[in-house]
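The values are calculated or read from the model by the stated rules, or taken from the named source; none is laboratory data. Just so you know, these numbers come straight off a predicted model, no measurement behind them. As a convention, Cβ positions derive from the backbone with ideal geometry for all residues, glycine included, and neighbour counts pool all protein chains shown.
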Amino acid sequence: MADLNQTFDRLDMRFRTGNTVADTLLNMKYHEAVRLVPDLEMDADKLVFPQDLKIHSYDIGIILGNAADNAVRACRKLKEKEPGADAFIRFVTLQKGNLLVLKVENSIDGKLVRRPREEFPVTDKPDKENHGMGLANIKNTVEKYHGTMDYMVKGRVFILSMMMKNERGNEDGFWSDR
């Protein structure tokens with residue numbers, strides 16, 4: 001535990017969302033990402049979780065982890081093709097009543113390969129059998145909270161939007177709002 005505490009003390013804690021899991025995950029992802037994309041701009045100033053967050057931290061981790069991994073990969077791919085391009089990732093939340101809206105935007109090279117009748121874009125990773133599940137994992141997690149997920153490319157920006165109820169999910173098959 002002492003070693004772990006020292007490691008956290010040495011980390012530059014850039015992100016403070018009000019959720020310990022989100023803060024830890026985003027800070028770790030950022031430090032990993034800047035090794036790959038040194039001039040990456042990552043903004044989570046508008047990623048603020050409500051005090052009464054009922055969505056499990058584990059599920060927040062699945063959503064943010066997969067979204068951040070996908071965004072970093074897209075930014076890295078863009079910078080490999082166009083070293084002078086701006087690489088950014090932005091995280092935003094908005095709460096309206098008991099709905100939590102989470103949006104992740106990132107720069108992209110403008111290309112997204114989709115197959116007819118396929119819900120998600122095709123992964124460009126060599127091992128297609130074991131990759132390309134990030135958006136599916138996000139969607140499944142969001143649906144646990146009676147939510148929806150959508151994505152689009154607008155110019156050279158990938159926009160991932162999620163909306164879910166700020167209620168305990170049905171992870172055990174039973175709905176509960178406790």
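The table below gives the values:
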| read-out | value |
| --- | --- |
| Residue list for segment 156-178, restricted to those being over 19 Å from residue 98 (Cα atoms) and at pLDDT 90 or above | 156, 157, 158, 159, 160 |
| Extreme residue, nearest to residue 168 (Cα to Cα), among residues of segment 26-44 that are of a type in the set (Asp, Glu) and modelled with pLDDT of 95 or more | 43 |
| Every residue from segment 15-60 that is under 15 Å from residue 166 (Cα atoms) and outside any loop (DSSP other than H, G, I, E, B) | 57, 58, 59, 60 |
| Selection from segment 87-109 of residues that are in a loop (DSSP other than H, G, I, E, B), in contact with a strand residue (DSSP E or B) (Cβ under 7 Å, 6 or more places away or on another chain) and closer than 11 Å to residue 158 by Cβ | 108 |
| Every residue from segment 138-160 that is surrounded by fewer than 14 Cβ atoms within 10 Å (Cβ to Cβ) and polar (S, T, N, Q) | 140, 148 |
